[in-house]
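For reference, the structure discussed in these notes is given below.
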Amino acid sequence: MKPDYKNWVPRGLLFLLGGMAIICLALCIVFGMAGVATEGGLRIALGVLFGAAFLLFAVLTGIFAHMYCAFSYHGKKQVSKRVIEGIAQYVALSDGGKGLDVGCGSGALTVACAKRNPRAQMVGIDRWGKEYASFNLPLCERNAEAEGVRNVSFVRGNAVKLGFTDGTFDAVTSNYVYHNIKGKDKQQLLVETLRVLKKGGTFAIHDIMSPREYGDMRAFVKKLKEYGYEKVELIDTTDGLFLTKKESRTYMLAHSKLLVGKK
């Protein structure tokens with residue numbers, strides 16, 4: 001059995017966009033080109049309308065299909081795998097330690113961290129909402145089993161309010177999660193994640209940290225240092241670390257940064 005980490009681009013989205021392109025093309029042919037039940041100005045208007053809609057959905061289908069191939073764990077570029085394995089290198093746990101992966105999705109980062117820390121335990125949490133319907137708890141468990149990883153567990157949880165007491169974990173990590181949580185202060189989400197980290201514990205949190213979504217992250221780093229956090233760094237991962245500049249722009253991952261440090 002092989003692990004199935006799914007894809008950051010939902011397959012259903014590709015089917016939806018492709019289906020809309022086909023429908024719009026059919027409508028353009030029927031009402032615009034063939035002129036069924038239409039004539040004159042109406043025929044032209046419908047032809048232009050459905051023709052433009054077809055081009056739009058066709059272009060979107062092509063863009064997201066390209067992204068789907070790039071993010072595939074079995075494809076040539078393997079962008080997702082590169083990012084996951086890159087983050088896991090920053091998660092180091094001592095024997096008997098316990099780490100938390102917030103928003104684990106299909107379990108990829110949780111399992112990667114568990115494999116790198118075989119004498120520690122990793123916990124992956126996610127709300128597994130309808131936004132990514134193909135991601136779920138049984139899938140995570142199957143992936144861990146397929147990888148032969150036993151030092152891992154998965155539970156339902158929410159990044160907005162973690163169901164753990166202060167200082168529960170020796171390490172916390174996350175990948176491309178918080179920017180998806182709409183209507184919430186992103187820096188406050190980071191504070192909530194760091195709340196469950198033990199004194200002396202480490203963190204590695206990766207996300208699209210645009211100023212519009214996250215505000216002034218350099219000021220946030222300074223604030224953490226003032227609170228006594230050690231070795232806090234904000235690392236640009238789009239300059240060859242995980243991604244190239246071109247990839248980050250092409251795949252809508254600009255402003256990807258890794259927040260790492262020690263509490």
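Around the Cα centre of segment 107-263, unit charges on the Cβ atoms of Lys, Arg, Asp and Glu (plus for the first two, minus for the last two) sum to a dipole of about 200 debye. Placing a label point 7 Å from the Cα of LYS231 along the Cα-to-Cβ direction, the residues of segment 81-96 whose backbone N falls under 20 Å from that point are 85-96.
How much length is gained if the chain between VAL30 and ASP4 is pulled fully straight, taking 0.36 nm per residue apart and subtracting their Cα-Cα distance, in nm to one decimal?
Gain in length upon complete extension: 5.2 nm.
If packing is taken as the average count of other Cβ atoms within 10 Å, what order do 229-240, 91-102 fall into, highest mean first?
Numbers: 229-240: 14.3, 91-102: 19.9.
Going from most to least packed, we get 91-102, 229-240.
Pairs of alpha-carbon atoms within less than 8 angstrom and 6+ residues apart define the contacts here; what relative contact order does the chain have, in percent? Once divided by the residue count of the chain, the mean separation gives 15 percent.
Taken along the Cα-to-beta-carbon direction at a fixed 7 Å, the label points for VAL221 and ASN180 span 2.6 nm. Going down the list LYS6/LYS199; LYS76/LYS231; LYS199/LYS223; LYS130/LYS263; LYS76/LYS246, which pairs span over 26 Å between their C-alpha atoms? Beyond 26 Å: LYS6/LYS199; LYS76/LYS231; LYS130/LYS263. Here's the picture: charge each Lys and Arg Cβ at +1 and each Asp and Glu Cβ at -1 in segment 109-261, and of LEU197, TYR132, GLN121 the one pushed furthest to the positive end of that dipole is LEU197. Sequence-distant contacts, meaning Cα pairs under 8 Å at least 6 residues apart, place the relative contact order of segment 106-243 at 19 percent.
Keeping all protein chains in place, calculate the accessible area per residue for the chain (probe 1.4 angstrom), answer in Å². Please report the intermediate quantities before stating the final value.
Numbers: 13680 Å² over 263 residues.
Ligands and nucleic acids excluded, the figure is 52 Å² per residue.
Could you tell me the center-to-center distance, by alpha carbons, between segment 2-58 and segment 145-218 in angstrom? Measuring centre to centre over Cα atoms gives 40 Å. Calculated from the structure, Rg and Dmax of the Cα atoms in Å equals which of [x] 17.1, 53; [y] 22.1, 78; [z] 19.1, 60? For Rg and Dmax of the Cα atoms in Å, the calculated option is [y].
Report note on the peptides 35-45, 179-189, 52-62: ranked by the mean count of other C-beta atoms within 10 Å, highest first, their order is 52-62, 179-189, 35-45.
Using only Cα atoms and rounding to the nearest 10 degrees, what angle (0 to 90) does helix 40-71 make with the longest principal axis of the chain? With both axes taken from Cα atoms, the answer is about 30 degrees.
The values are calculated or read from the model by the stated rules, or taken from the named source; none is laboratory data. The model shown is predicted, which means the values in this text are computed figures rather than measured ones. When we count neighbours, we look across all protein chains shown, and the Cβ atoms used for this are built from the backbone with ideal geometry, even at glycine. The area values use the complete protein model at the heavy-atom level, side chains included, leaving out ligands, DNA and RNA. Shrake-Rupley method; radii C 1.70, N 1.55, O 1.52, S 1.80 Å.
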